[in-house]
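**Student:** Provided herewith is a single structure, encoded as structure tokens, for subsequent inquiry.
Derivation of every value follows stated rules applied to the coordinates shown; laboratory data play no part. Every value quoted in this text rests on a predicted model; they were computed, and no experiment measured them. Counting neighbours? That spans all protein chains shown, and the Cβs are built from the backbone with ideal geometry, glycine included.
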Amino acid sequence: MNVRLIYITKQDHDRLLDMIEENFGKSVRDKDNFKELIAELNRAVIIDDPKIIPPDVITMNSRFIILDVDTKEEKEYTLVFPKDANSEEGKISILAPIGTAVLGYKAGSTIEWQVPAGKRKIRIKEVLYQPEASGDYNL
């Protein structure tokens with residue numbers, strides 16, 4: 001599979017690095033999730049000015065719809081920091097495999113990633129809300 005560019009605001013990048021620094025090693029369970037997130041951050045294009053990130057890119061606190069390519073099931077999620085995660089409200093942690101997988105991708109992108117049961121393949125159908133596009137730079 002070709003590796004596509006992902007785009008992350010400098011603010012999200014810095015906040016995610018701070019979160020990793022504060023929490024890495026505290027939970028053995030999350031160690032692999034942190035490593036995956038670090039790998040994503042290392043390959044990201046960092047956008048200094050949040051006003052110029054494309055409005056269809058998933059950033060932290062973005063709300064979006066994904067389509068499971070195999071099951072054709074659609075789900076709406078909001079990408080959040082671990083402390084704000086709540087599955088009943090559709091708020092997925094950046095440390096969840098799907099959260100790490102969608103960060104920085106644009107609507108229309110198809111993403112494949114490894115899960116314990118095999119590979120999953122989703123398509124980002126739509127970004128419903130992106131803080132930067134709405135002028136909410138401090139979320």
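**Student:** Distance in nm between label sites at GLU88 and LYS106, each 7 Å beyond Cα in the beta-carbon direction?
**Tutor:** 3.8 nm
**Student:** How many Lys pairs in the chain lie less than 13 angstrom apart by Cα atoms, where the lysines are 8 or more positions apart or on different chains? Present the calculation step by step, with values, prior to reporting the outcome.
**Tutor:** Values: LYS10/LYS51; LYS72/LYS121; LYS72/LYS125; LYS75/LYS91; LYS75/LYS125; LYS83/LYS91; LYS106/LYS125.
So the count of such lysine pairs works out to 7.
**Student:** Also: Can you tell me which of ILE92, ILE65, ILE52 moves the most in a GNM of the chain? Springs connect C-alpha atoms under 10 Å apart.
**Tutor:** Most flexible of the set in this elastic network: ILE52.
**Student:** Mind giving me the FRET efficiency for ASN23 and ILE46? R0 is 25 Å, r the Cβ-Cβ distance, nearest 0.05 is fine. Please list the in-between numbers first.
**Tutor:** Numbers: r = 21 Å, r/R0 = 0.85.
The computed FRET efficiency comes out at 0.75.
**Student:** Could you work out how much longer the chain between TYR137 and LYS119 gets when fully extended? Use 0.36 nm per residue separation minus the Cα distance between them, nm to one decimal.
**Tutor:** Fully extending the segment from TYR137 to LYS119 adds 3.0 nm.
**Student:** Moving to a separate point now. Can you work out ³J(HN,Hα) from phi for every residue in region 118-127, in order, using Karplus 6.51 cos²θ - 1.76 cosθ + 1.60 and θ = phi - 60°, giving whole Hz and x for Gly and Pro?
**Tutor:** x, 9, 10, 9, 10, 10, 7, 6, 7, 9
**Student:** Further question: For the chain, modelled as a GNM with alpha-carbon contacts under 10 angstrom, which of ASP49, ASP68, ASP12 fluctuates the most?
**Tutor:** ASP49
**Student:** Rounded to the nearest 20 Debye, what is the dipole magnitude of region 77-139 about its Cα centre when Lys and Arg each give +1 and Asp and Glu each give -1 at the C-beta?
**Tutor:** Numbers: 8 positive and 7 negative charges, 78 e Å.
My answer is approximately 380 debye.
**Student:** With springs only between Cα atoms under 10 Å, which of LEU103, LEU95, LEU128 fluctuates most in a Gaussian network model of the chain?
**Tutor:** Taking springs between Cα atoms under 10 Å, the residue moving most is LEU128.
**Student:** Need one number: % antiparallel among DSSP beta bridges in region 7-129, to the nearest 5.
**Tutor:** Working: 19 of 25 bridges.
Approximately 75 percent, going by the DSSP bridge assignments.
**Student:** If you don't mind, another one. Expressed in nm to one decimal, what extension gain is obtained for the pair GLU73 and TYR129 from 0.36 nm per residue of sequence separation less their Cα-Cα distance?
**Tutor:** Details: separation 56, 0.36 × 56 = 20.16 nm, distance 2.03 nm.
Full extension from GLU73 to TYR129 adds 18.1 nm.
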